[in-house]
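Asks: So that we are looking at the same thing, I have put the structure below in C-alpha cells.
The values are calculated or read from the model by the stated rules, or taken from the named source; none is laboratory data. Please read all numbers here as calculations on a predicted model, not as lab measurements. Glycine also receives a Cβ, built like all others from the backbone with ideal geometry; neighbour counts cover every protein chain displayed. All accessible areas refer to the heavy atoms of the entire protein, side chains included, with ligands and DNA or RNA removed. Shrake-Rupley method; radii C 1.70, N 1.55, O 1.52, S 1.80 Å.
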Amino acid sequence: PSLPTQTSHAPSAQAADRLIVRKLHRPGSGLSEAEAAEVARVIVQEAERHQFEPALVMAVIHVESSGRTLAVSPVGALGLMQIMPPTGQELAERHGIPWSGPDTLLDPVVNVKLGIAYLRKLADRYQDVSTALTAYNWGPGRIDRKLRSGQELPTLYRDRVMRAYDSARQEIAVGRS
C-alpha cells in the first residue's frame, strides 16, 4: 500500500476530531470526554505536522491498545500507541518533550506525540508504509535483519492496521456528510 498522508482530498479535521473523540471517550479508555477531545486535537495536529492522516494514527492506536491509555503490553510497551520506554526516552529527548521515566508514556498527549513522531521516523527510514508499520510493531532492528537476509516481512500487523485505517477513513467520510 502507498503511504497514507495528509492530502487535499483528506477528510476534514473537524470530522476526524469528532470521530476520534467518539473512539477515545468510551468505557475502559481511561479518558474523560474533555481529555478525549484534547487527545483528538493532538492527534489531528501531530498527524498533520508529520504528514499523516489522523485515520492512520487512529488505526495504529486501535490495533496497539484498543484505545486504552493505560495499556501495558507483555513486553513493556506503554500507552495508546504502545511505545517501549527506551524508544520513548530517545524520542522525547529528540523532540524536546520532558521525560520523567516510563510513566511519561502513560500521558496520552505525550504518548501520541511520541508515537506519531516515531511512525514518521520509520516512514522516512523505509519510504514504505508497509515496512514502517511492520517496524513499528516488530522493531526496526529486527526488520533491518530480515531485509538484509532477504526474508519476507511479517504482514499480520500491517494488514490489521490497514483494515482499521480503511474503516476509520470510511467513518470519517460518513461523518462529513
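Asks: What single numbered condition from (1) more than 13 Å from residue 60 (Cβ to Cβ); (2) without any contact (Cβ under 8 Å) to a residue 60 or more places away in the chain fails to hold for residue 134?
Replies: Only one criterion in (1) more than 13 Å from residue 60 (Cβ to Cβ); (2) without any contact (Cβ under 8 Å) to a residue 60 or more places away in the chain is unmet by residue 134, namely (1).
Asks: Please work out which one of (1) hydrophobic (A, V, I, L, M, F, W, C); (2) more than 28 Å from residue 22 (Cα to Cα); (3) in a helix (DSSP H, G or I) is the condition residue 153 fails and give its number.
Replies: (3)
Asks: OK, next. Which residues, counting only those in the stretch 44-102, are within 18 Å of residue 30 (Cα to Cα) and of a type in the set (Ser, Thr, Tyr)?
Replies: Within the stretch 44-102, 65, 66, 69, 73 qualify.
Asks: Please determine, by comparing only the residues of the stretch 1-22 that are crowded, with 19+ Cβ neighbours inside 10 Å and under 14 Å from the mean Cα position of the chain (by Cα), which one is modelled with the lowest pLDDT.
Replies: Among residues in the stretch 1-22 that are crowded, with 19+ Cβ neighbours inside 10 Å and under 14 Å from the mean Cα position of the chain (by Cα), the one modelled with the lowest pLDDT is 4.
Asks: Could you list, in sequence order, all residues of the stretch 55-70 that are over 11 Å from the mean Cα position of the chain (by Cα) and either buried (at least 21 other Cβ atoms within 10 Å of the Cβ) or over 15 Å from residue 105 (Cα atoms) (or both)?
Replies: 66, 69
Asks: I've got another one for you. Take the stretch 98-120 and flag every residue that is farther than 22 Å from residue 32 by Cα, free of Cβ contacts under 8 Å to residues at least 24 places away in the same chain and in contact with a helix residue (DSSP H, G or I) (Cβ under 6 Å, 6 or more places away or on another chain).
Replies: Listed by number, the list holds a single entry, 99.
Asks: Looking at 110, 129, which one is among the β-branched types (Val, Ile, Thr), within 13 Å of the chain's Cα centre (by Cα) and modelled with pLDDT under 95?
Replies: None of the others qualify; the one that does is 129.
Asks: Considering each of 163, 158 in turn, give the residue that is in a helix (DSSP H, G or I) and out of contact with any Leu (no Cβ under 9 Å at 6 or more places or on another chain).
Replies: The conditions single out 163.
Asks: Still on this structure, please answer the following. Select from the stretch 23-47 the residues that are more than 17 Å from the chain's Cα centre (by Cα) and of a type in the set (Asp, Glu) and write down the one among them that is most open to solvent (accessible area, probe 1.4 Å).
Replies: Ranking the candidates gives 33 first.
Asks: Now for a different question. Pick from 142, 125: which is open to solvent by 50 Å² or more (accessible area, probe 1.4 Å) and in contact (Cβ under 8 Å) with a residue 12 or more places away in the chain?
Replies: Numbers: 142 fails: in contact (Cβ under 8 Å) with a residue 12 or more places away in the chain.
Just a single option satisfies the conditions, and that option is 125.
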